[in-house]
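Every read-out reported here was derived from the displayed coordinates using simple, explicitly stated rules and does not represent laboratory data. All values derive from a computational prediction rather than experimental measurement. Reconstructed Cβ throughout: ideal geometry from the backbone, glycine too, with neighbour counts over all protein chains shown.
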Amino acid sequence: MPAIVENYDVVVVGAGHAGCEAALASARLGMETIIFTVSVDSIALMPCNPNIGGSSKGHIVREIDALGGEMGKNIDKTFIQSKMLNKSKGPAVHSLRAQADKMAYTTEMRKVLENTDHLTIRQAEISDIITDEANHITGVKTVSGATYHCKAVIICSGTYLNARCLTGEMITYSGPNGLQAATHLTNSLVEHGVEMYRFKTGTPARIDKRSIDFSKMEEQFGDERVIPFSFTTDPEDVQIEQVSCWLTYTNPTTHEIIRANLHRSPMYSGVIEGTGPRYCPSIEDKVVKFAEKERHQIFIEPEGLHTNEMYVGGMSSSLPEDVQHAMYRTLPGLENAKIVRNAYAIEYDCINPNQLYASLEFKNIHGLFSAGQFNGSSGYEEAAGQGLVAGINAAMKIQGREPLVLDRSESYIGVLIDDLVTKETFEPYRMMTSRAEYRLLLRQDNADMRLTKKGYEIGLISQERYDWVCEKERLIEEEIVRCENVKIGASKEVQALLERYGSIPLNTASTIAELIRRPELDYEKLAPIDPERKPLAYDVIEQVNILIKYDGYIKRQIKQVEQFKRLEKKKLPQNFDYSEINGLRIEAVQKLNKYQPMNIGQASRISGVSPADTSVILVYLEQLKYSNPDLFYQLNGHLEEESDGK
Amino acid sequence: MKSDTIAAVATAMSPSGIGIIRLSGDESLEIIDKIYRSKMNKKKISECDSHTIHYGYIYDGEEMIDEVMVLLMKAPNTYTKEDTIEIDCHGGVFVMKRILETVIKYGARPAEPGEFTKRAFLNGRIDLTQAESVIDVINSKNSFALKSSLSQLKGSVLTDVKKIRGNILHEIAFIETALDDPEHISLDGYNENLLSVVNHERKEMKRLLDSSDNGRILKEGINTVILGKPNAGKSSLLNVLVGEERAIVTDIAGTTRDVLEEQINLHGISLNIMDTAGIRNTEDVVEKIGVTKAKEYANKADFIIYVIDSSTALDESDFEIMEILKDKKAVVLLNKSDLEVVTSKEEVEKHLDKTIIPISAKENTGITELEEKIKEMFFHGEVTFNDEVYITNIRQKNSLQDALDSLNLVVQSIEDDMPEDFYSIDLMSAYESLGKMIGESVEDDLVNEIFSKFCMGK
């Protein structure tokens, strides 16, 4: 039978948040790229919550932006409310969260994709990956029989693989929002030796705005002054009129209805096979697990400007339709609620991400990359971050360049990927600030300082943007030095200002920096008594203030990072048989053989590898210098001498 | 790249003529300058030439600890290729311990097992052929350290540390949940609550630290087991040695069912004495457990005291015990010398090549000879014990102190009105330090605690 045959550099499977970033990065790096989706109308679809960002996820969006990704720009164009979360807490946990106009978000992202050179959009379901004898990717096949030859494939299939949706006793074999599931690809992957998992997640009902009595709820406003996600967005452009969200609560009646019907929930009747996330529990989970709580907060959030649908945040469920109907109506303000779409749980195939390198390439299939929920993560932002890295690395591989591997000390994306590929995952992985051990350094405000240079080296950041970051760095440093050195005397004016802020008056002269470090003061408050100050941009001032104020803590973390980097620098051989190393415990050998860590740092994070095992590998590596110098220097260059000599 | 400074006792931790405490790392010179005083108190060791020896004193603040010789060896011509200091002091266990504690107080940290050798190797000092032995050292010492840190932690200490750790983790998880889900969980008014929890845990930790100075965190000393048939007089002997009625002494054979433990000090030598159920072929199940345990203890012991009832004849059980004793350091006591002798010294000598002392626990005769014999064996190095215990003990204490310091920082942060996310940084350090103490790592504890204890939104 005659069939279409075409050639590309990179094939991206799926056009969700991971797929879009992957395809854009690859095409922007000059790779002929084709992106497949089961429906072109569902590009960058947000099938669950209508927002981007939030605690730690906001950090990821900023990092994507600094590396040259699209998510931050797209939400800046389409948000309808924005808030900086945790503003009363330390700068490390400030996090942007914006409500999106869902329809606008997909439309704008689609526009970007459609207008990117080297990028082709194709509606089709991929059924097979094709490899040669050496397990190198050579192409993919669609269900209709067409073949697309390529050098790299990036799978971003989200929740579509063998998906089924459950609402009580009703099961539909479809992807999210009733979209067509992808039912062939899993088989092809299993045939290629890929280890699959089955996960589940869920979403709440959507309710018609006209049926809601908002007078019984608390109104939730956006911030007065909106801060954009993207470092390239002019802050003036995002000062729009915002819409509100609404807060209401469940009550004992709600909980009674849920308890009385638990046996009809597929979660509890045992119909659901997939593992669900603990951090995003369904309302039935919350009621069972936290039985002592009398009420749970529920946020009613708009899905967009041009729709009446409202998202019921905090009340995802897989209970049957009639129970949902009764349960939602027990909430104040929802007494007459009309459901537009039912809540449902969704099950889908994904992989054990331990099969991947930190570059997101499969260890056993060359040129096969993957990102997003397919890798066992959850969330739009986590997906986009991985998509960007996978897209970059597919291009790097084809161009014969070094892969982009972000480590735990430089980004949340690095933490995310390291956790996925190194730790054991038994549920969809969500980012949290507590997962980042160096979070004081990984702030959302300094994502550009951390990553723009990398984006520039890769080729996704313009010269102009790169130059600005270098200039910003210089200005910050200069101003910090000035603040550490300029002394302020105990003049009348100074004492008056200190008194105004409830700060102890000066006995002797003090540097500006010392004053900034006082909890009740900051850089900007000192302006009247610091006449030499040059006018500086807001983002420069912000950095100066944070770096001076939290200097002690930041220095401590930098010291920890130095320790961490030391082990991270020591590279290990790949496809290596660890049973060759005498003195490793059996459990460690098994784990190391399975994971094939890139470096000693990663090895030490694998559960089951003890500090003694790490020492043994360290000694082995040193031994390699003599027994197999070629391999040693190929792995570690001449770094060793520099880092270990005193 | 800077390396931290490690310290350890390089000689055996037993009474001997000389003890050596070794330091290696970038801060070695800085540390010795802080604690060394020459006779005229004018010399600074860091300013002296490399590979020289200096007479003087080690001080902890204003307290003089010992008269010493300090060997100065500057990098790179040292064993580890790092700045190295050796302090030669008097060989008492107490002195060595005090000096080690002092260098740690002034900035060093206790060396991990085999760490000097590991550094020497990694810095290119040792050649290839020695690599294998380095791995062996790391492995054997680590397995011992792990075993000792767990098995030697007295039950109550382990329980206490676990409890403190659990409470700290709970607070971190609460803070983190609130940070991850600020719209569902508020931290309003939380500071006071945290302050009271932290103050409570600080008190607990101070109590543990105080008790550690009395050696109550780890048992230090020669593990000594008293073996013998039921009613041979083991418990009476223990009572005489300890000086109080600790074991149950009756005429009914098989009264001591559990293994009793006592620590005694014989002329500066610590003995951990374990009295065991008498070994004999028994049908009594409860007693059988005791017998199995006794054999187990005997196999682990550094030193065995074998008590024979000289008023009865040797039998199968005695020969069984003698079998256990064969390759062990042991003395044989012929007890009940006040009664008519059935089993003589000569009779026992036929079967066993060990020192035999006739005693009467009841009349307190022969005990001095026993003490003299133990002392003699110890000072001749015949009986030793694993000195890692001392090191482990110092390491434990160090971890506990680190944890306490971290909690002090939390209090400081609360007083300074720092944002809540800063509290969790120091709480986490305290949690990790305590984890080191009981040999538990962090892994995914926090994430599990967050999910199991607090209801996240979404």
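Counting, for every residue in B:173-180, the Cβ atoms of other protein chains within 10 Å of its Cβ and taking the mean gives 6. The overall shape of chain A is oblate: from the C-alpha gyration tensor, with semi-axes ordered a ≥ b ≥ c, the ratio a/c is 1.5 or greater and a/b is no larger than b/c. The simple spin-label model puts a point 7 Å past each Cα toward its Cβ; for A:His325 and A:Ser215 those points are separated by 2.7 nm. For B:Lys295 and B:Glu363, the FRET efficiency from 1/(1 + (r/R0)^6), where r spans their Cβ atoms and R0 equals 35 Å, is about 0.70.
Counts of other chain beta carbons within 10 angstrom of each beta carbon in peptide B:421-429 average 4. Sorted fewest first by neighbouring Cβ atoms within 10 angstrom, A:Asp234, B:Asp33, A:Asp9 come out as A:Asp234, B:Asp33, A:Asp9. Remark: mean inter-chain Cβ contacts per residue of A:273-280 equal 3, using a 10 Å Cβ-Cβ cutoff to other protein chain atoms. Couplings 3J(HN,Hα) for segment A:192-208, derived from phi with the Karplus relation 6.51 cos²θ - 1.76 cosθ + 1.60 (θ = phi - 60°), are 8, x, 7, 8, 9, 10, 10, 10, 9, 8, x, 9, x, 6, 10, 10, 5 Hz, where x marks Gly and Pro. Taking 7 Å steps out from each Cα toward its Cβ at A:Asn628 and A:Glu169 produces label points 6.2 nm apart.
Can you figure out the FRET efficiency of A:Asp132 with A:Arg533, using R₀ = 56 Å and their beta-carbon distance, to the nearest 0.05? Step by step, r from the Cβ atoms, then E = 0.30. Legend: ranking of residues A:Met84, B:Met73 from fewest to most surrounding C-beta atoms inside 10 Å; resulting order A:Met84, B:Met73. Checking every one of the chymotrypsin sites (Phe, Trp or Tyr not before Pro) in segment A:207-301 against DSSP loop status and a limit of 11 other Cβ atoms within 10 Å picks out A:Phe221. If a paramagnetic tag sat 7 Å from the Cα of A:Tyr466 along the Cα-Cβ line, which residues of segment A:69-99 would have the backbone N under 19 Å from that point? Flagged as within label range: A:69-70. Inter-label distance, A:Ile4 to A:Val40: 1.0 nm, where each label sits 7 Å from its Cα along the C-beta direction. If R0 is 60 Å, the Cβ-Cβ spacing of A:Glu499 and B:Met69 corresponds to a FRET efficiency of close to 0.50. Listed peptides B:165-176, A:510-521, A:575-586 appear in the order B:165-176, A:510-521, A:575-586 once ranked by packing, highest mean of other Cβ atoms within 10 Å at the front. Among residues other than B:Leu187 with Cβ under 9 Å from its Cβ, the summed charge is -1 (Lys and Arg +1, Asp and Glu -1). At full extension, A:Arg259 and A:Glu520 could sit 89.0 nm farther apart than now, given 0.36 nm per residue minus the alpha carbon distance.
Between segment A:367-438 and segment B:80-119, the alpha-carbon centres lie 43 Å apart.
When both segment A:99-150 and segment A:534-595 are represented by their alpha-carbon centers, they are found 35 Å apart.
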